Structures are given as C-alpha cells and as structure tokens.
Amino acid sequence: MKYEGFTTFKTEQNEGILTVTFDFGAVNVQGQEMLADLNSLAMRLERDRETKVVVFQSANPEVWVCHYDTGLLKDMSTEAVSRDEAELLDLQSVCERISKVPQATIAKLEGFARGGGHELALALDMRFAARGKFKFMQMEVGMGILPCGGGASRMARQTGLGHALEIILSARDFDADEAEAYGTINKALDPNVIGEYVDNLAKRIARFPAESINACKQAVYESIDKPIDEALKAESYWLYQATSKTPAIKRFTIADGKGLEHDIENQRNWNNLVMQVQDIH
C-alpha cells in the first residue's frame, strides 16, 4: 500500500510500521486539509494487511496538533437542534474512523495537543508523552462550547467521570506526569528516551500477526460499550477470526507436542519466548 499525496503530514514505511509526521504550517492546525488527509489515511489502512503499527508524531518541536481550525468553528450554526436532528461532526467521524483501523496506533506526544488535537490523540490506541514538552488542554468550556471531537465521550472512558469533568471544566494545561496520573496517556517519559521507547514498542508489536493484532484491538474496544455477556461473546467471535487466519494452532500444536509448558525455564522466559514464536509461520 502506498501512502503518499498528503498535504498535512509525511509518511515513512519500515518493516510493518508506518510513521505519520504532522508538518503543516506553523502549528499543525486541524482543519479540513488535515481531516481529509486523515480520512484518506484511514481508508488505506483499512485495506492494508502489511502495515501493523502506525506511529503519529510531529515535525514541530512545540506542537503535536494544536486544535480545530477557528475558521471552521466561527461558521458553526447558532440554532439549537433536537437529539433526533443531531448528526456526527466531521472531526467526530474522522477520529472514530481512525480509532477503528486494524493496526495498532500510537501517539508520540512531544509538544502541545489541545482541543481537537488532544481529541485525535485520545482516538488512538496508545499515547506516550515527553516530560517538559507535552501539554494538553480541553479549552472548549472557556470558549462557550464543549469538546466536540469525541473528547467528552472518550475522556470519561479513559479517565473516569471525576477526572474527565475536572479536565474538561477546568480548561487548563496538564503536563505529562499529570496526564499519566489521570490516565489520558499510557506513560510519561523523559525526552531523551521517548523515541527509543516508542520505537521498541512498535517493533515488538509489528512482529505479531496482523490478524491477531486487529482481533485483540476490536475485542477490547467492543468490551467498553457492551454488557459483560455480550463482550465475552465478542471475545469468542474475534478469537476465531484470528485462528482462521494466523498460525496460532500450529504454534500451540508444536508447544504441546514438545511439552514446553511443563518446563519451568519456559515459564520464566515468556517475555522472550513470545517473540521467538513469531518465527513459526
């Protein structure tokens, strides 16, 4: 799959990992150009079974993605609508589509991510932020609106109700350590180690079968919105989607035939063994 022709970011492919580097104007404004690029990116990722991990980063040393374009916000309707009339907004639709691609998605956050920029980060699977460089804010309440790119919905799922309301209603900057404590990111890292950490994680995930990466991801996402009995059925469904397309059964058969599970040294060494298993196709 070719990833080219984008206006707001550059791409680089390497051994199952696609790196997306935002580089648009002075501050990576999230406007129609970026939404169109992200929608096109998602369409290609949905069809791509070679790419297993997508890392989103920025060429700007201060800004990951700043916020939604005020040129679009100023043209919003001032007429209230009924619940039946409400439709998904462009940013909501794009973030939702990005969140459902079959690849593992990672945000490497080394600058500001405010408003819609932070909402895009929340739509990705994992987020890692650099201490002293990363800040996020949901400033919408101070402007007279609310987070409207999935921020209110995803924030509560990510952090819990109390933290979500504090973040949204305080409209203040949160740094990397606060973000980790509140649960909006996976981990806060020093600037000199975040690159290596994300690279190693991406390379590790990229060793695994594409179908099982997608199955794991979709099962986890379904579990958020379903009652436990339906979520368990979803797990079962995605299990067999994976076994029908990966060498899982071959790997289990070899392990069972050699009695590997009974070897205590194997039990002590699962962290490395799971990588060695990737050589069995």
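Across the alpha-carbon atoms of segment 210-279, the computed radius of gyration and Dmax are 14.7, 41 angstrom. Every helix of 4 or more DSSP H residues in the chain counts as -39500 (n - 2.57), and over all residues that averages to -14500 deg cm²/dmol at 222 nm. Its residue count N sets the reference 2.2 N^0.38 Å, and the alpha-carbon radius of gyration of the chain equals 1.08 times that reference.
Given +1 at the Cβ of Lys and Arg, -1 at the Cβ of Asp and Glu and no other charges, the dipole of the chain around its Cα centre is 700 debye to the nearest 20. Given R₀ = 41 Å, what would the calculated FRET efficiency be for Lys2 paired with Asp190, taking r from the Cβ atoms and rounding to 0.05? For Lys2 and Asp190, the calculated efficiency is 0.70. When both bridge partners sit in the chain, DSSP labels roughly 25% of those beta bridges antiparallel. Applying the Kirkwood pairwise sum to the alpha-carbon positions of segment 13-101 produces a hydrodynamic radius of 14.9 angstrom.
Rounded to the nearest Å, what's the spacing between the alpha carbon centres of segment 121-199 and segment 3-57? Just the number, please. Measuring centre to centre over Cα atoms gives 21 Å. For segment 144-184, the square roots a ≥ b ≥ c of the C-alpha gyration tensor eigenvalues yield an a/c of 1.5 or more together with a/b not exceeding b/c, which makes the shape oblate.
Which order do the peptides 222-234, 109-121 come out in when sorted by mean C-beta neighbours inside 10 angstrom, highest first?
109-121, 222-234
Only Cα pairs under 8 Å and 6+ residues apart enter the sum, and on that basis the relative contact order of segment 1-72 stands at 40 percent.
Taking a ≥ b ≥ c as the square roots of the eigenvalues of the alpha carbon gyration tensor, segment 113-240 is oblate, as a/c is not under 1.5 and a/b does not beat b/c.
Would you work out if segment 204-250 is rounded, prolate or oblate? Take a ≥ b ≥ c from the square roots of the eigenvalues of the alpha-carbon gyration tensor; rounded if a/c is under 1.5, else prolate when a/b is larger than b/c, oblate otherwise. Oblate is the answer for segment 204-250, as a/c is 1.5 or above yet b/c matches or exceeds a/b. Projected onto planes of every orientation and averaged, the convex hull of the alpha-carbon atoms in segment 237-278 covers 3.4 nm².
Using only side-chain charges placed at the Cβ, +1 for Lys and Arg and -1 for Asp and Glu, the dipole size of segment 23-145 relative to its Cα centre rounds to 680 debye. Tilt of helix 228-243 relative to the longest C-alpha principal axis of the chain, in degrees (0 to 90, nearest 10)? Roughly 60 degrees between the two axes.
Coordinate-derived values only; no laboratory data. These numbers come from a predicted model, not from an experiment. Glycine also receives a Cβ, built like all others from the backbone with ideal geometry; neighbour counts cover every protein chain displayed.
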